[in-house]
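The values are calculated or read from the model by the stated rules, or taken from the named source; none is laboratory data. This is a predicted model, so every value here is computed, not measured. We place every Cβ from the backbone using ideal geometry, glycine too, and count neighbours over all the protein chains shown. For the accessible areas, the whole protein counts, side chains as well, though only heavy atoms, and no ligand, DNA or RNA atoms are used. Shrake-Rupley method; radii C 1.70, N 1.55, O 1.52, S 1.80 Å.
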Amino acid sequence: MLYRGIHHVAIAVRNLSESLKTFSLAMGLPVSREATVPDQGVRAALLTVGPDEIELLEPTHPAGGVARFLEKKGEGIHHLCIETNDVATALGQAKAANLPLIDQAPRPGLAGTIGFLHPGANQGLLIELAQPAHGTHTLSIANDAIFEAVETVLIGAKDAEGLAAILAKNFEGTAAKQDGPFGNSQVVSIGKSRVTVLDSAGLAENQVAGRVLGGKTEGFLGVWLKAKNMNAATKHFEKHSVPIETVNELIGSQANGVAVFFSA
């Protein structure tokens, strides 16, 4: 299996220190690493969610990609990183399939050896491929952790079935129709992980989801986290004055332009 699943979800933020107060303190996600990446023009922090991670990116250069993203779209999910056993082979296969690439060859990055596909390869979604150094991504769940994994990443599309088929094809996954709290969706399994593609028209009619999603219906919409204990997670959010809303069996909240949902 070439693709192992989600390595991290990257979120563009304007102020890393302030955003860490939200994600680390208010949401209870421990920080595993902070670093400046000069060639990408960002300061980054990695937060642990069991075997997965959330990456916060603050631009350090006004001409960098993250700075341009913030100027155009505001804070929110910038890209999805998928872990691979061999990033060179993954890029080679993408090139052979005539998928547009940003990186023609692997290069060093915060997540290990990396390479970016052009958004045109996945209907406008920016996706990074990462091959971590051996033994550097075997994260575990701390005893006092509130969340234990990224359950799924939520994506909106006008043609949900079409985008799901593209993602399944590009990353050796499988796609299946599923009824969930947001109505009909397409769930794409990639290695150990899942991404959920939602129909944009259906989202526009869901008033509660619309409030939590900030009115967004296309592209990367949010992250669904698996809580160790639903009641404990809810009490933690309330303790830190994080406004939450119930969406069927999910609890949802907004943080730095990102909808964060959680369930047991």
If I filter the stretch 247-260 for residues that are open to solvent by 20 Å² or more (accessible area, probe 1.4 Å), over 18 Å from the mean Cα position of the chain (by Cα) and either β-branched (Val, Ile, Thr) or more than 17 Å from GLY156 (Cα to Cα) (or both), do I get at least one hit? yes
Within the stretch 113-138, count every residue that is at pLDDT 95 or above and either in contact with a Gly (Cβ under 6 Å, 6 or more places away or on another chain) or of a type in the set (D, E, K, R) (or both). 4
The stretch 1-52, residues that are assigned to a loop (DSSP other than H, G, I, E, B), at pLDDT 95 or above and crowded, with 17+ Cβ neighbours inside 10 Å: VAL13
Looking at this structure, is VAL208 closer than 21 Å to LYS73 by Cβ, out of contact with any Phe, Trp or Tyr (no Cβ under 6 Å at 6 or more places or on another chain) and not in a loop (DSSP other than H, G, I, E, B)? no
Assess whether LEU110 counts as being modelled with pLDDT under 95 and either under 21 Å from ALA164 (Cβ atoms) or out of contact with any Phe, Trp or Tyr (no Cβ under 7 Å at 6 or more places or on another chain) (or both). yes
By residue number, the members of the stretch 141-157 that are modelled with pLDDT of 95 or more and open to solvent by 30 Å² or more (accessible area, probe 1.4 Å) are GLU151
Show the residue pairs meeting these rules: Cβ distance below 7 Å; 6+ apart or different chains; first residue within the stretch 182-209 and among the hydroxyl-bearing types (Ser, Thr, Tyr); second residue part of a helix (DSSP H, G or I). SER185/ALA160
Pairs returned, first residue in the stretch 71-99 that is at positive phi, second residue that is part of a loop (DSSP other than H, G, I, E, B) and open to solvent by 10 Å² or more (accessible area, probe 1.4 Å), beta-carbon separation under 9 angstrom, 6 or more apart or interchain, are GLY74/ARG14; GLY74/GLY257; GLY76/GLY214; GLY76/LYS216; GLY76/ASN256; GLY76/GLY257
May I ask you to verify whether GLN93 is in a loop (DSSP other than H, G, I, E, B) and farther than 25 Å from PHE23 by Cβ? no
Of all residues making up the stretch 64-90, the number that are open to solvent by less than 60 Å² (accessible area, probe 1.4 Å) and either assigned to a helix (DSSP H, G or I) or of a type in the set (A, V, I, L, M) (or both): 12
Given the conditions (1) in a loop (DSSP other than H, G, I, E, B); (2) farther than 21 Å from PRO38 by Cβ; (3) modelled with pLDDT of 95 or more, report the number of the one that ALA105 does not fulfil. (2)
In the stretch 159-188, how many are surrounded by fewer than 20 Cβ atoms within 10 Å (Cβ to Cβ), in a loop (DSSP other than H, G, I, E, B) and at pLDDT below 95? 1
Qualifying positions in the stretch 213-243 - open to solvent by 50 Å² or more (accessible area, probe 1.4 Å) and either closer than 24 Å to ALA164 by Cα or of a type outside the set (Lys, Arg) (or both): GLY214, GLY215, LYS216, GLU218, LYS226, ASN229, ASN231, ALA232, GLU238, HIS240, SER241, PRO243
